[in-house]
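Asks: Got a structure for you, questions after.
The values are calculated or read from the model by the stated rules, or taken from the named source; none is laboratory data. Computed from a predicted model, the values in this text were never measured in an experiment. Every residue, glycine among them, receives a Cβ derived from its backbone with ideal geometry; neighbour counts consider all protein chains shown.
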Amino acid sequence: MTDANGEGVTLCLKVDTQLDMTKVRIALIASGIVVAGAVPAIAGADDMSAPTPPAASTPVPEGVDLAAAAAQEQMEPYVEQVEEIGKKHQGLAVTAVDHDTMTVTVRWKGQAPPELTDLASADHDVVTVKVLPAKYSQAEINVAAAAALDALGDAAYSAGGNSDSSGLVVDVPPAKAKASVAATLKADVQEELTTETPELVGIPVTFEEGTPVEGLGRFNSGTPRKGGAFMTRGDGTGSCTTGFTVLNSAGVGKILSAAHCDPLGDHSWVDGGNDRIASAANVTYHHEGIDSLLMDPDGGTIGRVYIGTWNGTSLLDVAKAGPTAVGEYLCTGGAISGDHCSLRVTQQSLTYDCPGRTSLRCTGAVAENTAHGAATHGDSGGPVYYFRPSDSRVGARGIISGGTGATVSCPSMFSANDRCYTRVVFPTIAGVLDYWNVTLETRG
């Protein structure tokens, strides 16, 4: 968030080549896994034609690599299938994508379920799916991460699994990352696990220097309400960004943002023209687990999001929601600093102190761009998405919760030389939709 003067507030907060995708195979790489059966058909998976490039008049978020975006769109159905399998069976650890090799790699603890081995062994002409073993599932990593933060208190910022889900990585202040101190911290974590989750005692723990996750407008958006727009408290004490629009069971449009923008749900919200977005009575928040806010806005909603600079007017339609995979390239759409694209997903699940409610634990995925940044204060609540070259729409991935890591220079609403965090943390769109029991509003 930003205060009324634009100062940062810490809250208890290019298509040059065509993809050669012929005769690409599905392969299973998993020791001891017996392959049998047939894979269910995946919609669109056999269509090997390259996505149609966007028309010259179609706005494309700055920084988007269209070749990578096309590859990502081709792999998405497989990532979605893996995600669904993970909901039915225990053991999913990490799902990662590689745009260069068109590979989806799945790490799984224990014996992979038949649906996954079938998916990996079938002869399809789209991507390679690899299944590799994992020592710990994502669910176990999340439990261990929460225990680590409980044990270490102010000595830790956040925790999550390493790249192959064989251990825990905890971000701590520089002084705590020293070997002489880390040994004591490791003992503290193991002691907490002994008490709370003895089955996870002995999980390898690594400490890295880090920074806290800090809660992080387009200006006068008007109605119907859209994602990526500026929103400020009615009393002028702070600003954030609108997220994706959603529909409840009755088909009524709502709009998402971040809970820490309104920790107690007691503020009305207006846009840059001082037109009311929602009254305090129509704001509902939730902190624990997901940093998420739901508003019932005046003037209805539409399934579109702003792209471009903070004062831009370009809009793109929303196509669908989908799961996040390591290696994906995403964009953030904050109202203060505008779009940031080519952010690479580095973690599917990070546990951290909820901005605005540090006694509670939140989880989210992490994406970063060390060269151009990811978000600044006031971008909180904005959409996280990827651009789809096939139809020039966006695929929803999450809602901006906070920024962490180093900062780099970036232009914003308040300064041509503002500071943007290089890493953004965001609750995944699937988790947000599930919690509120809503569906993503789409258009086109």
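Asks: Looking at (1) closer than 26 Å to residue 92 by Cβ; (2) surrounded by fewer than 23 Cβ atoms within 10 Å (Cβ to Cβ); (3) of a type outside the set (Val, Ile, Thr), which is the only condition residue 315 fails?
Replies: (1) is the only condition that residue 315 fails.
Yes/no matrix, rows are residues, columns are (1) in the same structural domain as residue 296 (by TED's automatic domain parsing); (2) of a type in the set (Phe, Trp, Tyr); (3) closer than 16 Å to residue 378 by Cβ:
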| site | (1), (2), (3) |
| --- | --- |
| 201 | no, no, no |
| 226 | yes, no, no |
| 230 | yes, yes, yes |
| 241 | yes, no, yes |
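Asks: Something else now. Can you tell me how many residues within the range 197-212 are closer than 15 Å to residue 351 by Cβ and outside any strand (DSSP E or B)?
Replies: Summing the residues that are closer than 15 Å to residue 351 by Cβ and outside any strand (DSSP E or B) in the range 197-212 gives 5.
Asks: From (1) surrounded by 17 or more Cβ atoms within 10 Å (Cβ to Cβ); (2) more than 27 Å from residue 287 (Cα to Cα); (3) charged (D, E, K, R), pick out the condition that doesn't hold for residue 125.
Replies: With (1) surrounded by 17 or more Cβ atoms within 10 Å (Cβ to Cβ); (2) more than 27 Å from residue 287 (Cα to Cα); (3) charged (D, E, K, R) applied to residue 125, the lone miss is (1).
Asks: Determine whether residue 355 is closer than 19 Å to residue 262 by Cβ and at pLDDT 95 or above.
Replies: No: the conditions fail for residue 355.
Asks: Right, residue 380: farther than 19 Å from residue 68 by Cα and in a loop (DSSP other than H, G, I, E, B) or not? Before the answer, list the steps.
Replies: Numbers: farther than 19 Å from residue 68 by Cα: yes; in a loop (DSSP other than H, G, I, E, B): yes.
Yes, satisfied.
Asks: Okay, moving on. Got a sec? Which of 408, 425, 432 is within 22 Å of residue 248 (Cβ to Cβ) and either hydrophobic (A, V, I, L, M, F, W, C) or outside the structural domain of residue 254 (by TED's automatic domain parsing) (or both)?
Replies: Details: 408 fails: within 22 Å of residue 248 (Cβ to Cβ); 425 fails: within 22 Å of residue 248 (Cβ to Cβ).
Just a single option satisfies the conditions, and that option is 432.
Asks: Now, a different point. Which of the strands (runs of 3 or more DSSP E) contained wholly in the range 393-444 include at least 3 residues that are touching an Asp or Glu at 6+ places or on another chain (Cβ under 9 Å), more than 18 Å from residue 212 (Cβ to Cβ) and small (Gly, Ala, Ser)? First the steps, then the outcome.
Replies: On the way: elements: 393-399, 402-410, 418-426.
Where strands (runs of 3 or more DSSP E) fall fully within the range 393-444, none carries at least 3 residues being touching an Asp or Glu at 6+ places or on another chain (Cβ under 9 Å), more than 18 Å from residue 212 (Cβ to Cβ) and small (Gly, Ala, Ser).
Asks: Which ones in the range 266-299 are part of a strand (DSSP E or B) and surrounded by fewer than 23 Cβ atoms within 10 Å (Cβ to Cβ)? Full working, then the answer.
Replies: If we filter the range 266-299 for residues that are part of a strand (DSSP E or B), which is where we start, we get 269-270, 276-278, 283-286, 289, 292-295.
Listed by number, the residues that qualify are 270, 276, 284, 285, 286, 289.
Asks: Next up: Surrounded by 15 or more Cβ atoms within 10 Å (Cβ to Cβ), in contact with a strand residue (DSSP E or B) (Cβ under 7 Å, 6 or more places away or on another chain) and of a type in the set (Lys, Arg): which single residue out of 135, 130 fits that description? Steps first, answer last, please.
Replies: Working: 135 fails: in contact with a strand residue (DSSP E or B) (Cβ under 7 Å, 6 or more places away or on another chain).
After applying the criteria, what remains is 130.
Asks: Right, here's the next one. Among the residues of the range 300-312 satisfying the criterion of being polar (S, T, N, Q) and at pLDDT below 95, which is surrounded by the fewest Cβ atoms within 10 Å (Cβ to Cβ)? Can you show your working first?
Replies: Keep residues of the range 300-312 that are polar (S, T, N, Q), which gives 301, 309, 311.
Now narrow it down to the ones that are at pLDDT below 95: 309, 311.
Values: 309: 16, 311: 14.
Ranking the candidates gives 311 first.
Asks: Testing residue 224 on (1) surrounded by 15 or more Cβ atoms within 10 Å (Cβ to Cβ); (2) over 30 Å from residue 309 (Cβ atoms); (3) modelled with pLDDT of 90 or more, one condition comes back false. Which one is that?
Replies: Unmet condition: (2).
Asks: Select from the range 227-237 the residues that are surrounded by 24 or more Cβ atoms within 10 Å (Cβ to Cβ) and over 17 Å from the mean Cα position of the chain (by Cα) and write down the one among them that is farthest from residue 430 (Cα to Cα). Spell out how you get there, then give the answer.
Replies: Looking only at the range 227-237, we keep the residues that are surrounded by 24 or more Cβ atoms within 10 Å (Cβ to Cβ), and these are 227-232.
Filter once more, keeping what is over 17 Å from the mean Cα position of the chain (by Cα): 229-232.
Details: 229: 21, 230: 24, 231: 24, 232: 26 Å.
Of everything passing the filter in the range 227-237, 232 is farthest from residue 430 (Cα to Cα).
Asks: Limited to the range 213-265, what total is found for residues that are among the polar types (S, T, N, Q) and in a loop (DSSP other than H, G, I, E, B)? If you could, list the steps in order and put the result at the bottom.
Replies: Residues of the range 213-265 that are among the polar types (S, T, N, Q), as a first pass: 220-221, 223, 232, 237, 239, 241-242, 245, 248-249, 257.
Remaining after also requiring in a loop (DSSP other than H, G, I, E, B): 220-221, 223, 237, 242, 248-249.
Here the count works out to 7.
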